[in-house]
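I have placed the structure first, in the form of structure tokens, so that the comments after it can refer back to it.
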Amino acid sequence: MGVEKESPTSSLGRDSIYRASLKLLRHIKNAGVFRCPEDDRPLDYAQIYPDDELTTEVMNSLIRCRYHKEGCRWVDKLQNLQAHLDQCPYDSIQCPNSCTRMLSRLSLDDHLEFSCPRRMVVCEFCNQQFPGDLFEKQHAGNCPYEVTWCENKCGAKLERRFLANHMRNECHKRTVQCPYCNRDFVQETLQTHQYQCPRFPVACPNRCDPTKIPREEVEVHIQALCPSATVSCTFKEAGCKHKCPRFNMDKHLDNNMKGHLQLMCDLVAKQQTQITQLCNALYSITHVTDGTFVWKISNYKQKFLESVYKNAELVSEPFYTSRYGYKMAASLFLNGNGAGEGKYISVYIKILPGEYDNILEWPFALPITFSLFDQCVEFDFRANISESFVPDPTWKHFQKPRKDTDRDALGFGYPKFVSHEILKTRDYIKDDSIIIKVKVDNNKFISP
């Protein structure tokens, strides 16, 4: 019967047995312990002896390299294993430069050439030798003899040791400061900037002084300071047309004092006429000209006390019934007047002399309504108080007023318009104010 040849894979079990036997022998010899290392059973040392046949069989077994998973394809007898490991490219060995790294023979050359911190590296620029770690951390990228590009991207290429001086003093793209306005510019644009620099010193166009002036101050200098600039007389607006150099203006003013005074008097008279016209126009624009005048009396408490102690009358601003209508004003006694004194608010209307009285129909006959507003927040719940009347043409209050009419004369109205008790019942007084409206009915007014 033949013997089946063992495969390299099954021979690994023999290798394990052989190593266990060697381990047991060393264990016995060194430690003197007579127990099996596999099952810890007691052994009789007299019965232990080398088995040469088993040893030969084991040593002739085919095995694979222990680094077969890493890629080693070596397969041979066990007895040749150590010789293979001594030169196996996958076996780990210590770096010969004593850098503490353990690495395979396969990667040793790359390690020694490129990554070993204790390798010696020669700089290609200065030809000096450096340990690998020192070269990588300090010298690489800092060699003064390395040729490099200018960091300002000006296109220059020079050794690093000359780079700082180039960028500071030679590079046309270096940043420099304008000596006049202190702003930063690229050196090649500085000259162009100086043609526009607001602080660049330039000569006065009138050549008044050899001292140069910043460009941005030239206009102010000519307009306000330059003694050689031609200027108009300070009384130009009054009508003086004289022009002369600024340094000669004082002499002109001294010699023409009376003429300038007359010009100013004429100007003042002209302006006074214009002011009067503008005031009249403004009055016409800003005053009521539709017959509805709303009058808000603020600081009610203070004015009421004044009315109590002084019987003070409050008179509204004048207003017109229409654009070319009657002129009138409302008056008010907060503590009452006549029959209403002390208990009521009295309200009256006064017909005043107007600009168009000569073309209006007299006596005044348009209906007038006085209203006291309820200032309640809810609009639908407001209860305004109103009183209306139609003027009696026989009453003197509604005749054509004369310019010498006494403005303090009492008009026509209601001495008992609203009692003080009713004022307290609702929001007739709010925020220390009351609001009264005077409404003139223009439906029957015939426009002149």
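Only the coordinates and a few stated rules stand behind these numbers; no lab work does. Owing to the predicted nature of the structure, the values given are computational and were not obtained by experimental measurement. Heads up, the Cβs are rebuilt from the backbone with ideal geometry, glycines too, and the neighbour counts pull from every protein chain shown.
Computed over the stretch 311-419, the alpha-carbon pair-distance distribution with 5 angstrom bins reads 2, 11, 20, 21, 19, 13, 8, 4, 2, 0, each value a whole percent. What you get for the stretch 287-440, charging only the Cβ of Lys and Arg (+1) and of Asp and Glu (-1), is a dipole of about 160 debye around the Cα centre. Remark on Thr289: its backbone amide H falls under 5 Å from those of Tyr320, a criterion applied only to residues 5 or more positions apart or on other chains, H modelled at 1.01 Å from N.
Of the residues Asn182, Cys376, Phe445, the one whose Cα sits farthest towards the positive end of the charge dipole of the chain is Phe445 (charges of +1 on Lys and Arg Cβ, -1 on Asp and Glu Cβ, taken about the Cα centre).
For the residue pairs Lys296/Lys430; Lys303/Lys350; Lys403/Lys437; Lys303/Lys396; Lys303/Lys437, the alpha carbons lie more than 23 Å apart in Lys403/Lys437; Lys303/Lys396. Please give every one of the aspartates and glutamates within straight-line cross-link reach of Lys258, meaning a C-alpha to C-alpha distance under 18 Å, and leave out same-chain neighbours fewer than 8 residues apart. List returned: Glu237, Asp250, Asp266. Placing +1 on each Lys and Arg Cβ and -1 on each Asp and Glu Cβ, with no other charges, gives the stretch 214-255 a dipole about its Cα centre of roughly 220 debye.
Dividing the alpha-carbon radius of gyration of the stretch 341-399 by the rule-of-thumb value 2.2 N^0.38 Å gives 1.55. Sum up the charges of everything whose Cβ sits under 15 Å from the Cβ of Ile422, counting Lys and Arg as +1 and Asp and Glu as -1, but leave Ile422 out. After counting each charged neighbour, the total is +2.
Think of the stretch 206-328 as a dipole: +1 on every Lys or Arg Cβ, -1 on every Asp or Glu Cβ, centred on the Cα centre; then among Ala312, Pro214, Asn255, Asn255 lies furthest on the positive end. Find which of Leu332, Val122, Thr394 sits farthest along the positive direction of the dipole of the chain, computed with +1 on the beta-carbon of Lys and Arg, -1 on that of Asp and Glu, about the Cα centre. Going by the Cα projections, it comes out as Thr394. Take every Cα-Cα pair in the stretch 135-291 and report what % of them are more than 29 Å apart. Above the 29 Å cut-off, the stretch 135-291 has 61 percent of its Cα pairs. If you look at the Cα atoms of the chain, you get an Rg and a Dmax of 59.6, 166 Å.
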